[in-house]
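Q: Below you will find the structure I want to go over with you.
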Amino acid sequence: MIVVTGATGNVGRELVRILAAGGERVTAVSRRPGLLPEGVRHHLGDLAEPQSIAPALEGAEALFLLVAGEDPEGILDRAAAAGIRRVVLLSSQGVGTRPEVYAHPARFEDAVRRSGLEWTILRSGGLDSNAYAWAGSIRTTRTAAAPFGDVGLPTVDPADIAEVAAAVLRDPGHAGRTHELTGPAPVTPRERAEAIGAALGEPVRFVEQTREEARAQMLTFMPEPVVEGTLAILGEPLPAERQPSMAVREILGRAPRPFADWAARSAPAFR
């Protein structure tokens, strides 16, 4: 059995679907109920409270883990006690490029490496699904606002991360490895807005925010150090953050999906 945390999120939901379709026994863990494939066991639990997920771990062989809460050791100790042998952690590219900012996921990575379990770390670049932040303004006024409109980053489709995670969870050959996951090419915020407009069949106007406007907005839902780090990546990305990785192609045997594919599948959220 495989336990998937964050099972109703953008990556976890697709991962559960892939595993269940492939005949795996799956326990889906999330803080709230969600629509799941037939036959998938659901467990209400919160990674911020490791004891709450302990019952879901019994009888499982592998765990897909998100960076959430403040006690990775508590989660991993319970996983080991339950008999889990393999853990796959979804972390962030920023651990490698800006470790001073991404201390939280770095702590999870360190805990996973010291857990005594077989481990694989997936370091994700920015997600295509971050564009859902535009859903309200695109639905109401067909506008999308963001800073640094012409700075491109190779954002990655959550479905690609889910496919990679499914492959890694079932293949012990990835033990002890860290994979960096990105999309196929840098795409600017302006280009992402255009792609959503194309998927809708009508234009979406892009509005470029100043750095301060974006900072003020981000501070309403993100801690200040993370806001500053995010703005630095968005506005002055390092060469390693601009460079598409080859991991998706190497693991799945195909190129990662372009942003336009995500936009076409996700168009209903913007109508």
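Q: Report the full-extension gain for the segment ALA240 to THR143: residue separation times 0.36 nm, less the Cα-Cα distance, to one decimal in nm. Mind dumping the intermediate values first?
A: Details: separation 97, 0.36 × 97 = 34.92 nm, distance 3.05 nm.
Working it through step by step, the gained length comes to 31.9 nm.
Q: Right, something else. What does the charge dipole of the chain about its Cα centre add up to, to the nearest 20 debye, if the Cβ of each Lys and Arg holds +1 and the Cβ of each Asp and Glu holds -1?
A: 580
Q: Take the alpha carbon gyration tensor of segment 162-230, find the square roots of its eigenvalues, order them as a ≥ b ≥ c, and report rounded if a/c is under 1.5; if not, report prolate when a/b exceeds b/c, else oblate.
A: Details: a/c = 3.21, a/b = 1.47, b/c = 2.18.
Verdict is oblate for segment 162-230.
Q: Nearest 10 degrees is fine. How inclined is helix 158-170 to the longest principal axis of the chain, computing both from alpha carbons?
A: 20
Q: Which value, in debye to the nearest 20, gives the size of the charge dipole of segment 1-68 about its Cα centre, when Lys and Arg are +1 and Asp and Glu are -1 at the Cβ?
A: Values: 6 positive and 7 negative charges, 38 e Å.
Charge dipole, segment 1-68, about its Cα centre: 180 debye, nearest 20.
Q: Something else now. Restricting to Cα pairs below 8 Å that are 6+ residues apart, what does the relative contact order work out to for segment 76-196? Please round to a whole percent.
A: 30
Q: Less than 14 Å Cβ to Cβ from ALA214, Lys/Arg counted +1 and Asp/Glu -1: what total charge do the surrounding residues give?
A: Summing Lys/Arg as +1 and Asp/Glu as -1 gives -4.
Q: For the chain, what's the relative contact order in percent, using C-alpha pairs closer than 8 Å and at least 6 residues apart?
A: It comes to 18 percent, rounded to a whole number.
Q: Can you tell me how much longer the chain between ASN130 and ARG205 gets when fully stretched, taken as 0.36 nm per residue apart minus their C-alpha distance, in nm with one decimal?
A: Additional length available on full extension: 25.2 nm.
Q: Considering only the other residues whose Cβ falls under 9 Å of the Cβ of LEU117, what net charge follows from Lys and Arg at +1 and Asp and Glu at -1? List each step's numbers first, then the result.
A: Working: positive: ARG85, ARG86; negative: GLU118.
Within the 9 Å Cβ shell, the charges total +1.
Q: At what distance in angstrom do the alpha carbon centres of segment 139-203 and segment 20-58 lie from each other?
A: 26
Q: Something else about it: If each residue of separation counts as 0.36 nm, what is the full-extension length gain between ARG25 and GLU73 once their alpha-carbon separation is subtracted?
A: So the chain would gain 14.7 nm between ARG25 and GLU73.
Q: For the Cα atoms of the chain, what angle does the longest principal axis make with the long axis of helix 189-200, in degrees from 0 to 90, nearest 10?
A: 90
Q: Given axes a ≥ b ≥ c from the Cα gyration tensor, I'd like to know whether segment 14-57 is rounded (a/c under 1.5), prolate (a/b larger than b/c) or oblate.
A: Numbers: a/c = 2.53, a/b = 1.92, b/c = 1.32.
Prolate, because a/c is 1.5 or more and a/b exceeds b/c.
Q: Something else about it: Could you check the simple spin-label distance between ARG170 and GLU49, using points 7 Å along Cα→Cβ, in nm with one decimal?
A: 3.4
Q: Once you sort the root eigenvalues of the Cα gyration tensor of segment 201-271 as a ≥ b ≥ c, which label holds: rounded (a/c under 1.5), prolate (a/b larger than b/c) or oblate (the other case)?
A: Note, shape of segment 201-271 comes out oblate.
Q: Still on this structure: Arranged from highest to lowest average of other beta-carbon atoms within 10 Å per residue, in what order do the peptides 127-140, 212-225 appear?
A: Working: 127-140: 16.9, 212-225: 13.2.
By packing density, highest mean first, the sequence is 127-140, 212-225.
Q: Nothing charged except the Cβ atoms of Lys and Arg (+1) and of Asp and Glu (-1): what's the magnitude of the dipole of segment 1-131 about its Cα centre? Round to the nearest 20 debye.
A: The dipole of segment 1-131 has a size of about 200 debye.
Q: Can you give me the angle between helix 224-235 and the longest principal axis of the chain, using Cα atoms only, in degrees from 0 to 90, rounded to the nearest 10?
A: 60
Q: How far apart, in nm, are the 7 Å Cα→Cβ label points at GLU100 and GLU213?
A: According to this spin-label approximation, the distance is 3.0 nm.
Every read-out reported here was derived from the displayed coordinates using simple, explicitly stated rules and does not represent laboratory data. Keep in mind it's a predicted model, so treat the numbers as computed, not measured. Neighbour counts run over all protein chains shown; Cβ positions are idealised from the backbone, glycine included.
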